[in-house]
Amino acid sequence: MKKLPLGVALCAAGLSLGAMAQDTKVAIAISGWTGFAPLSLAKDAGIYKKHGLDVTIKMIPQKDRHLAIASGDVQCAATTVETWIVWNANGVPTTQIFQLDKSYGADGMVVKPGIASIKDLKGKTIAASAPGTSPYFLMAGMLSKNGLTVKDVKVVNLEPQPAASAMVTNTAGIDAAMTYEPYLSTVRDKPEAGRIVATTLDYPLIIDSFGCSPKFLADNPKAAQALTDGYFDALAMIKSDPKKSFEIMGAVVKQSAEQFEKSQSFLRWQDQDANRKFFTGGEFAEFNKMAAELLLQAGVIRAIPDLGKLADTRYLK
């Protein structure tokens, strides 16, 4: 057999190795919540690709995301901090690796005209996502702070978008609804449909984070680091090129750049410094303790899992 010249052979070998090298595939479950948008930006702007990741983002309701992780349909997810307590308590091991955002008025309760306060909701009907979701948790927290429990109201399970639509269309039988941005702004823009009686400015209970199955993290530590770095790179892009960033992120939820910019003003994405402070400064542990007790009281969980094993902060350089 005729041998190739050394240079040609090396070149061919390099091409072969390059052809075999593939980006790590990662499927991520999220929703249309504004706070998760930098993950979509990292994918659609090619940031994750540059970090050696082949990311697929799947829109899955919060109530079903843990099932997607358990089945292997996705490896990672974005959700609220207290939700990881619920998933682990219900036998779906998951570990947070970085914080995404904090809600500053982006989540709230909307009530129909004539309802003056949360206390007036006793015996009334509230539209909210299923138990184990952030709207349900926020509702339980708001009720608890006003001397009520979920047993004092009737809950109709609707996801945030249809819940907001139910208020705007004056759906009969629904007195209040739990929703979040960008859907909360549909009610902000139509005060005749009802009013926002309280948000996370009044009840700071919504904090979002990103995590994966322990098996994925153990098998793919470099990918976990790339997911973390890619998120922070997306935040940097938002600062350096906000217009383009808002266009990309708004398109995911069918908003213009201007509409998305308004929606994101009600939350704060958390950079590396904020992440380190959150996880190591005591806030994470304190929030978990409070949230676990509230979830137990609301009947969402039957027992509190090991709260010390809910996060792995090694990727926060």
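The table below gives the values:
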item: Environment charge of Ile115, counting only residues whose C-beta is closer than 13 Å and scoring Lys/Arg +1, Asp/Glu -1; result: +3
item: Most mobile listed residue (Leu67, Leu267, Leu235) in the chain, GNM with C-alpha springs under 10 Å; result: Leu67
item: Contour minus Cα-Cα distance for Val156 and Gln225 (0.36 nm per residue); result: 20.9 nm
item: Square roots of five times the Cα gyration tensor eigenvalues for the chain, Å; result: 40, 22, 16
item: Top of Ser103, Ser185, Ser71 by mean-square fluctuation, Gaussian network on the chain, Cα under 10 Å; result: Ser71
item: Net +/- balance of residues flanking Leu41 in space, Cβ distance below 11 Å, scoring K and R +1, D and E -1; result: -2
item: Members of Lys102/Lys124; Lys112/Lys244; Lys112/Lys239; Lys43/Lys63; Lys244/Lys309 lying beyond 31 Å, as alpha-carbon distances in this model show; result: Lys112/Lys244; Lys112/Lys239; Lys244/Lys309
item: CD proxy at 222 nm, helix term only [per DSSP H run n ≥ 4: -39500 (n - 2.57); per residue of the chain; nearest 500]; result: -13000 deg cm²/dmol
item: Electrostatic dipole magnitude of region 107-199 [Cβ: Lys, Arg +1; Asp, Glu -1; Cα centre; debye, to 20]; result: 300
item: Trypsin sites (Lys or Arg not before Pro) within region 224-316, DSSP loop, no more than 14 other Cβ atoms inside 10 Å; result: Lys254, Arg302, Arg314
item: The chain, relative contact order [Cα under 8 Å, separation at least 6], %; result: 26
item: Net charge contributed by nearby residues that have their C-beta within less than 12 Å of Gly141 (K/R +1, D/E -1); result: -3
item: Using θ = phi - 60° and Karplus 6.51 cos²θ - 1.76 cosθ + 1.60, couplings along region 294-309 (whole Hz; Gly, Pro as x); result: 5, 5, 5, 4, 7, x, 6, 10, 9, 8, 8, x, 5, 6, x, 10
item: Two-site label geometry, Lys119 and Ala236: point separation in nm, points 7 Å out along Cα→Cβ; result: 5.2
item: Full-stretch length increase - Arg268, Glu286 - with 0.36 nm per residue and alpha-carbon distance subtracted; result: 4.5 nm
item: Among beta bridges that DSSP assigns inside the chain, antiparallel share in %, nearest 5; result: 60
item: Contact order normalised by residue count of region 107-199, Cα under 8 Å, 6+ apart, percent; result: 46
item: Gained length - Ser71 relative to Lys145, 0.36 nm times residue gap less alpha-carbon distance; result: 23.0 nm
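All of the numbers you see were taken from the coordinates with simple rules; none came from a lab. Remember, predicted model here, so these are calculated numbers, not experimental data. Every residue, glycine as well, gets a Cβ built from its backbone with ideal geometry; the counts of neighbours run over all protein chains shown.
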